[in-house]
Amino acid sequence: MNDREIIKFLTPAGIWLRRHLIYLGAFVLLFSGFGLWLIFNDVASAEASVWKEFSEIARNLGLLLLGVIGLPLAIWRSVVASSQAKTAIKQSQHTAKQIELLQQGQLADRFTKAAAMLTEKDVAGGEAGIFALREIASADPEAYYQTVQDVLCSFIRNYSRRYKSEYDASSSLKTAMRVISQLRNDLGKDRDIGWRPPLGRAHFKRFYEDRIRLNFSNADLFKSCFVNSRIECATFENANFLESDLRGADFKRTNFSGATFDDARLECMIIDHQTLATLSLDRTMWKATNKGDYFLIECINPFRNSLLHSTHPSPDPAPQSAEE
């Protein structure tokens, strides 16, 4: 029998017992008193051992009557309390589910508005959208982490190629790149979902960043442009720089462990000793020349290099501002 069947079976008896509990108690007292009176009259002249035996019988009989009356009531109350507890748990679970659905709906609405803000021409509006996306990913990383990261990477790819003001581009790109790195460092979801930042064909020409440690490990940076950029304290572990253009780029305290530079252009790239220790170069194509405080990457096979890049031209440089 389940709880409902037990309650249905015991409820009439429990209600009757509760309503007549006083009468039943009085009956038990009268019965016990009458029994004791009979026993007292019958054994008043009996020996002490006989009196003791009869008193124990009377006591046990009274306890039995109390148990017969109280046991069904106790069972009924226990079953009712258990059923009420289960009902309360179900109600709390339902309430929590409703709150979760409401929060998801609010996050979905906030995500749509934040993503729309990225298309605004106003720099402040775009950066507000980037920060809003960061808060959404932090609030519900299981549902929004990868989606937010993909949106930010798409913003970087598209925005970096069409900007007209170098200052505006640097401000917005820095904000997006910092948020991507902060989310990766704080939430650490990439290893669980196998996500790689899709930043192919992005332009970071004359980009400068040294405030935070950019985390672009495992990033797909094929055919990206880093011409004359300056980046410090970044991580590009296992990144893919296939056919990318890093001419004149300056990297300090940067980790390139496991990064690949197939068919990339590295002429005049500047690195420090710490960066050089993590950089794996094709020794038949490139060498690092010590210039004192830094190392300069130079091509030792110009013919092969020119032949290679005549077949695979470097990415188009990003549009320059009127001041340039």
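Tabulated results
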{"quantity": "Leading residue by the ranking (modelled with the lowest pLDDT) among those in region 275-287 that are over 42 Å from the mean Cα position of the chain (by Cα) and not basic (Lys, Arg)", "calculated": "THR284"}
{"quantity": "Members of region 218-246 found to be among the polar types (S, T, N, Q), in contact (Cβ under 8 Å) with a residue 24 or more places away in the chain and closer than 20 Å to ARG178 by Cβ, listed by number", "calculated": "ASN218, SER224, SER229"}
{"quantity": "Flag if LEU221 is buried (at least 22 other Cβ atoms within 10 Å of the Cβ) and out of contact with any helix residue (DSSP H, G or I) (no Cβ under 9 Å at 6 or more places or on another chain)", "calculated": "yes"}
{"quantity": "Among (1) within 17 Å of SER160 (Cβ to Cβ); (2) under 21 Å from the mean Cα position of the chain (by Cα); (3) among the polar types (S, T, N, Q), the one test that SER224 misses", "calculated": "(2)"}
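The values are calculated or read from the model by the stated rules, or taken from the named source; none is laboratory data. For clarity, every value in this text was computed on a predicted model and none was experimentally measured. All Cβ positions, even for glycine, are placed from backbone atoms using ideal geometry, and neighbour counts span all protein chains on display.
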